[in-house]
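The values are calculated or read from the model by the stated rules, or taken from the named source; none is laboratory data. Worth saying up front: this structure is predicted, and the values here are computed from it rather than measured. We place every Cβ from the backbone using ideal geometry, glycine too, and count neighbours over all the protein chains shown. Surface accessibility is based on the protein's heavy atoms, side chains included, excluding ligands, DNA and RNA. Shrake-Rupley method; radii C 1.70, N 1.55, O 1.52, S 1.80 Å.
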Amino acid sequence: MELPKPILSVLGQDPGHRRRCNINANAFQQDAVVSFRGWQYAVFYSYLDNNEHERIPGSAPDNEPLYIHLARRKLPPPGVPGCARPTNTEEGESGENQWEVLVFEDYPQTTDDGHNTVQMGICPGDGTIHLAYDHHCDVLRYRHSIPNLVALSPADFQWTGSLFSSTLSYLPGISASHRPFRDVTYPRFGFIGSNDMFLSFRDGKAGLGNDHLYIYQPSYEPDAPESGQHTCTGKFTYAGQHLTGLNSNPYVNGITYSQHDTKLHITWVYRGFVDYPGWDDPFDTKHKQQAGPNGAENNHDLCYAYSQDGGYTWRNGNGEVIADLNRCENKASLITEENLVPNTITNNAPGIVAFKISKGSGLMNQEAQAVDAQGRIHVLNRDSCVNSDKKVTWKHYFRDPLNGKWISHALPIIPGSKRGRLATRTTTSQASQRNDRAKTHTDLYIIFPGSATDSTFRILRASSVDNFAAYTQVWSSDQLGDDGLRLKLLGEPLVDSPRLEYDHVLSLFCLGDYDYDNRVEEDKATQTTCQRAVVLLDFELPLERRAAA
């Protein structure tokens, strides 16, 4: 069964036509769109509405500054038709489906680098919204909302920047002198349980770096919004350096907490380091380029670990403890041979390799990860391991939670090199004539972006009913033209996972070359009739799937 026709929201203008690199809709953003307590939030970079701001001194002549835009809307109850509107609301409105957008005008973003994205996290315990932004081996840049107010009671407050702190170079509870804050790349947020939230990021450079983990625990003493005080009474704790690269760096696909098994799951690949001129020069900046000297050809091995205590103790797929982050008071220090259990996961930790994949096999960094309601770990990546012609093939890797066995399935040939996305939802099959009991199963959605030669976005679906043996295309962006809408999708797709699981709505965050005047593109070189936008596509899915008679 194909997906229903999506409903389109245009969130704002994307700067892609005036910048070399995409800074919105990148696969490593965790997250850019997320739902919480019946409201949906999306974050992206765009220009100011009037577009009449001055350029930043020293920036490129055509490099106008960008500003963080944080959008929100109240969602209708699950099952109510009509999930979105194609336009934003006017300031002050907050009805169902209507978007409100606030702009943080106090921080201009000027670096033309696709790494420097913006990430968002929401702490379920106190409703704080956390943002980390503009990083590629840079000092920490972070801000948060007033605790115990903003996402817990969103209808009670006007959606303005006064609800948030200024840009901080530290985390509440940890001072700016904390060494890892000097060199941040790829921040990620996510919830742990029903109360806490984590933040992780990489330090160092491509091929020489480590990942650090921080746990945010809320408090319950709100600041009054009218007071103008933005002291975050919740605090972060440094859990430790959970992944350490030995002459390499780990590239994380995702960190996901599963409500099913109350575990924190992580998968990653390693990128081996190759010397290049200036690598040991502290003033050298080659590693800060969009495509640095150590590329994806040095990626190898798909690895997996999990934690049952919120990120402090880590186990391999066999359940053996491979790292205890509590073992060392100075958690950034290296382990010693005397330690029976290391205080970090290193390349040679036993049992972490799910699939042994050699360098030069097409393995990509920061692909997609998802954990379904039955505790299966799903990873989307690609390799050439079983192909005699060395042709790289997309693959779905997944782990059976009952026996711990990893399985890989080759996927249909999909063109392009951009990274895709995974999403899961639990559905119930209606009772059939042969079986009067309904059955619960998992649907897996694989979203592929377009390529330079084929701009089509595609969505495939597989099911746990046949152990994900068949992958059926259920939608393509070619279908958008059926209603006369000229929209070419771009970027790497992102998904609102909570909304899919709980509301059965697939919210797809991406970019689109959008023909506002419904005219044919006259000049692709100058983009005279097209604008690029940050868009959200909502697919309302049925709550049940019919069983065969």
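Of the peptides 234-247, 151-164, the order by per-residue mean of other Cβ atoms within 10 Å, starting with the highest, comes out as 234-247, 151-164.
Between their Cα atoms, which of K391/K418; K74/K488; K418/K488; K359/K390; K395/K418; K205/K391 are more than 19 Å away from each other? Going by Cα-Cα distance, K74/K488; K205/K391 fall outside the 19 Å limit. When the accessible area of segment 112-177 is split by element with a 1.4 Å probe, what percent falls to carbon and sulfur? Result for segment 112-177: 48 percent of the exposed heavy-atom area is carbon or sulfur.
Apolar share of the accessible surface for segment 360-429: 51 percent from carbon plus sulfur atoms, 1.4 Å probe.
Length gained on full extension, Y276 to Q259, computed as 0.36 nm times the residue gap minus the Cα-Cα distance: 1.7 nm.
As a calculated quantity, the FRET efficiency between D478 and K390 at R0 = 30 Å, using C-beta atoms, amounts to about 0.50.
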